[in-house]
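Structure, as structure tokens:
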2 protein chains.
Amino acid sequence: MKEHIVILGGGFAGVYTAMHLERHLRDDPDVEITLINRENYFVFQPLLPEVISGSIEIQHVINPIRRLCPRTNLLMRNVESIDLEGRSVTTSPGFRPTPTQLRYDHLVITLGTVMNFSRLPGLQQHGFPFKNLGDALHLRNHIIHVLEEADNERDPQLRRSLLTFVIAGGGFSGVESAAEINDFVRAAAQNYRHIDPDEPRVILLHSGDRILPELNEELGRFAERLLRERRVEIRFQTRLAGATAHAAVLRGGEKIPTQTLVATVPAGPHPLIEALPCRKERGRIVVNEYLEVPEYPTVWALGDGAWIPDLKTGGICPPTAQYAVREAKCVAENIVSALRDRPKKPFRFSAQGMAGALGHRSAVAEVMGVRFSGFPAWLIWRTIYWSKLPGWERKLRVGIDWFLDLLLPKDIVQIKTGRSESIMQEHYEAGEVIFRQGDLGDRVYALIRGNVQVVREEATGERVLATLGPGDCFGEMALLAAAPRNATIRAVNSVDTLVIYRRDFEALLNHLPGMRQIFERLMESRRP
Amino acid sequence: MKEHIVILGGGFAGVYTAMHLERHLRDDPDVEITLINRENYFVFQPLLPEVISGSIEIQHVINPIRRLCPRTNLLMRNVESIDLEGRSVTTSPGFRPTPTQLRYDHLVITLGTVMNFSRLPGLQQHGFPFKNLGDALHLRNHIIHVLEEADNERDPQLRRSLLTFVIAGGGFSGVESAAEINDFVRAAAQNYRHIDPDEPRVILLHSGDRILPELNEELGRFAERLLRERRVEIRFQTRLAGATAHAAVLRGGEKIPTQTLVATVPAGPHPLIEALPCRKERGRIVVNEYLEVPEYPTVWALGDGAWIPDLKTGGICPPTAQYAVREAKCVAENIVSALRDRPKKPFRFSAQGMAGALGHRSAVAEVMGVRFSGFPAWLIWRTIYWSKLPGWERKLRVGIDWFLDLLLPKDIVQIKTGRSESIMQEHYEAGEVIFRQGDLGDRVYALIRGNVQVVREEATGERVLATLGPGDCFGEMALLAAAPRNATIRAVNSVDTLVIYRRDFEALLNHLPGMRQIFERLMESRRP
């Protein structure tokens, strides 16, 4: 009977485990390897920020998993549940809605962490995450949309909010995103007739006293000076408290009007890992020095979602790509040893260095204890990551991208692949206007939390017509009557609303039994 | 006072009009040019099929409009209405829901045509259009999804349907798509462990007796032989009658089980053009030889949506890129003449040739009456279109793409930029199963048209529990109870349903007033 190794997750940890397993088990027909990942590609995470500005083309920062591990079965599905007792994994359905269950002999868990925006009000609805390729592409498209709108906007207040970009978090991810966004909007501004390259504001919020706490202070200060020279505003000791449809809300109550808030908050535990019946530490699976889950032999965990003892320092291995790649090698060897009844080896590794890009041909780096900054660090940074790109094909493509990036102007095409509007939520804080009398009615709202005032603007001033609370609907009149909004809606306190766009609303109204009656009764009750 | 020229549409006709206007009016501060287009890029349509296979990278087949016409104001919005009497145009709202109205002195209408799928049942829901960049990307992603699923599918029937690709329409667009899809799936199959390159079926349906009726018969027959050699199945005298979630339906009733139906049906009139109060012919705006709308001086129309007398042949100008580019030059000159009180010139042009790509380094072409086929035609085809690409930057990028395409394997990464599921519709024909007892319940249905049977599968056979009709809901039980489907639903006749996925359904249920009561009452009534 075949031994079945199932790997969950296609990041550095998962894909490199599969690659090493293939190398060791090349001619073993009795072992079957399956990797389950939502995408059929592997993202080279360290280069992801470059997708924002387009220095690297979208497709080149990713690699088809099937080409990296040709002997592995790839299942492009979501993992729905893990049964450690019954040794099986269930995935989401494919084209037909039948569940798929996989039995395993060895299970490798590399699910990583997830962005958890739910702790700050409004962030889920209005904050941009920056973790996977979809996030990067979505953010890039949004930035271009904002520039397009700003170019035609005369209202100075709205214009300022459109051209303000707020990035929360001064670690590697936040600093690299801020640098890339800053470079991109100032370079792209040259293609917008009515935007001055000095006009956009890029604001980096950081809770501590210096950015890049992962690196030594000198490099952090260098990065700070450089970003400031390039007109990034850095605000220390500042924490994000939430977001609304029109602003970033800071702790203390200050609001920065913006349409673009990028949040690189610390990642939280993966819900599937949270649900596992094994020991965890800060939401990460506790493994022994062999990267084994002690309670369940033949279950392995590594990468950002694992709590791995660092035998060199006595601490815990950091959640970085460098470590994940080495852990993958160790897990693969230990699985092969387990299959062949050989002794396992403990995981031992210490990082060789760290580097962070600051955009526009500069970076900071620390390699084997030596510090670099500026252009030399940038050369080191590019060389290291380029050499780590899996496959010569991607190396060639990224090399060409970087070469062309030196010659050609930044690309500003916005690639939409589908309609983005659907049923979603919006968040507002006290005093914010949700829509204004006379506006176009293109969506309906249902109040989830908080209160809003319905205000009629008259020649003699404002008149409050009603105050609505959770469970109330508003905005349906303009849609049903195909007329402009006949009143202004303003948040009284902290408000969450469900938003349904016209197309969906009409489909529901026409086809969902009972819906039309609900709204007809509502219209009736509002008649004066 | 400034003269305002407003151009609607950013295809060949619109963008080239703006480019020519800029050239003529370079140093005229009294003329303002505005172009309104839903995207901020111009698509080089003839190369679009190459996006399917990835021979050209997505971004390279498009060009930022701002870079092609730097003096023009670009408004990235939808046109909502045109008021020819009041000389103004209204666009969709931007970030704030306030309408935008533009006054014009000269209006250039280049809105083209739209795909009209509504005449064939189910096509709107289950057919893939192939007209713009979003369509090409969506189709590419879908083909990759189908391959991913097929690689893991054991059910021979479902597998066959996943690996069947049906293209309806044997004109340029259909033939080029079929050739590209055929090349791509067979090349990509090498990366799928369980798919044989011979296994996929690519079927081209054509209503006539030979493909490429736009060209002479000899070239059409050449293309037919070549595609057949490459295992494309061509079916003549076959018309599409509709589509369901699982099949292409042919006139006569035959069904081809497939998940991928690409329809290149003739395009229909643009709804904005249909609504205009001027004379039209087959949904196209009738203009005089100066490309002017006779009833409204200073309104101009060109491109696919205009009915333009062909002074050379006495007929009507064909809707091709070649003509659009020349028409644009003529319109721009005539507008400048109108502004400067000079006489206008009539439009006179005859096409120099035609070419169609057949994939894998072959094509058919007819240039100045001389016919070419195979590799020479392909060289001509590439040279012509490459030389027509606007801007040296795109020429360089496409050149590199084509060079790398000779060296490197086909890319199979699937780039998703957002969730695609939302509120949508599905179509089924009599006898088709919508879901099966025991399936996962991930969506709710509301019947729009037709009837379905609720069938319980028991040890002793099937038992029909109920027959539902328009206005009835089904599938909510499994979602509300988080259990597998407890019955099978089968279409009795031709059925249209609204489909709401779990996430949206839960949002509506929890937050839209009245929704929960409706479904609780429904559950109550179904209790045995």
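State all residues of the stretch B:250-263 that are among the hydrophobic types (A, V, I, L, M, F, W, C) and modelled with pLDDT under 95; if no residue qualifies, say none. Lay out the reasoning, then the answer.
Initial filter on the stretch B:250-263 (among the hydrophobic types (A, V, I, L, M, F, W, C)): B:250, B:256, B:261-263.
Of everything in the stretch B:250-263, just one residue is among the hydrophobic types (A, V, I, L, M, F, W, C) and modelled with pLDDT under 95, namely B:Ala263.
Quick one: is B:Glu289 in contact with a Pro (Cβ under 9 Å, 6 or more places away or on another chain), exposed (fewer than 15 other Cβ atoms within 10 Å of the Cβ), modelled with pLDDT of 95 or more and within 30 Å of B:Val89 (Cβ to Cβ)?
Judged against the criteria, B:Glu289 is not a match.
Looking at A:Leu120, is it away from every other protein chain (no Cβ under 13 Å), crowded, with 22+ Cβ neighbours inside 10 Å and either within 30 Å of A:Val265 (Cα to Cα) or at pLDDT 95 or above (or both)?
No, not satisfied.
Regarding the stretch A:95-102, can at least one residue be identified that is within 14 Å of another protein chain (Cβ to nearest Cβ), free of Cβ contacts under 8 Å to residues at least 40 places away in the same chain and basic (Lys, Arg)?
Looking for residues that are within 14 Å of another protein chain (Cβ to nearest Cβ), free of Cβ contacts under 8 Å to residues at least 40 places away in the same chain and basic (Lys, Arg), one finds at least one in the stretch A:95-102, hence yes.
Pull out all pairs, ordered by first then second residue, where Cβ-Cβ is under 6 Å, the residues are six or more apart or on different chains, the first lies in the stretch B:380-401 and is more than 14 Å from B:Val61 (Cβ to Cβ), and the second is of a type in the set (Phe, Trp, Tyr).
B:Ile380/B:Phe372
Go through the stretch B:476-498 and give me each residue that's facing chain A (nearest Cβ under 10 Å) and under 19 Å from A:Pro93 (Cα atoms).
Listed by number, the residues that qualify are B:Ala478, B:Pro484, B:Arg485.
Where the second residue is part of a loop (DSSP other than H, G, I, E, B) and the first is among the hydrophobic types (A, V, I, L, M, F, W, C) and lies in the stretch B:452-472, which pairs have Cβ atoms under 7 Å and are six or more apart or on separate chains?
Correct list of pairs: B:Val452/B:Val492; B:Val454/B:Ala487; B:Val455/B:Ala487; B:Leu465/B:Ala487; B:Leu468/B:Asn451.
Kindly provide the set of residues from the stretch B:491-514 that are of a type outside the set (D, E, K, R) and more than 29 Å from B:Val464 (Cβ to Cβ), ordered by number.
Within the stretch B:491-514, B:Ala507, B:Leu508, B:Asn510, B:His511, B:Leu512, B:Pro513, B:Gly514 qualify.
Residue under question is B:Ser337, and the condition is that it be outside any helix (DSSP H, G or I) and among the polar types (S, T, N, Q); does it hold? Give the steps one after another, and end with the answer.
Values: outside any helix (DSSP H, G or I): no; among the polar types (S, T, N, Q): yes.
For B:Ser337, the condition - outside any helix (DSSP H, G or I) and among the polar types (S, T, N, Q) - is not met.
Which of the residues spanning the stretch A:66-81 are more than 9 Å from chain B (Cβ to nearest Cβ) and crowded, with 23+ Cβ neighbours inside 10 Å?
Of everything in the stretch A:66-81, just one residue is more than 9 Å from chain B (Cβ to nearest Cβ) and crowded, with 23+ Cβ neighbours inside 10 Å, namely A:Cys69.
Does B:Val108 satisfy the criteria of being closer than 23 Å to B:Leu272 by Cβ and in contact with a His (Cβ under 6 Å, 6 or more places away or on another chain)?
Numbers: closer than 23 Å to B:Leu272 by Cβ: yes; in contact with a His (Cβ under 6 Å, 6 or more places away or on another chain): no.
Judged against the criteria, B:Val108 is not a match.
Hey, among A:Glu148, A:Glu50, which residue is charged (D, E, K, R), at pLDDT 90 or above and in contact with a strand residue (DSSP E or B) (Cβ under 9 Å, 6 or more places away or on another chain)? Break it down stepwise before answering.
Details: A:Glu50 fails: at pLDDT 90 or above.
Just a single option satisfies the conditions, and that option is A:Glu148.
Of the residues that sit in the stretch B:155-198 and are β-branched (Val, Ile, Thr) and part of a helix (DSSP H, G or I), which one is nearest to the other protein chains (Cβ to nearest Cβ)?
Across the stretch B:155-198, the extreme among qualifying residues is B:Val185.
Step by step: first the residues of the stretch B:504-528, then only those that are within 10 Å of another protein chain (Cβ to nearest Cβ) and in contact (Cβ under 8 Å) with a residue 40 or more places away in the chain, then the one that is farthest from A:Ile500 (Cα to Cα). Which residue is that?
B:Leu522
The values are calculated or read from the model by the stated rules, or taken from the named source; none is laboratory data. No experiment lies behind these values; they were computed from the predicted model shown. Glycine gets a Cβ as well: all are built from the backbone with ideal geometry, and neighbour counts include every protein chain shown.
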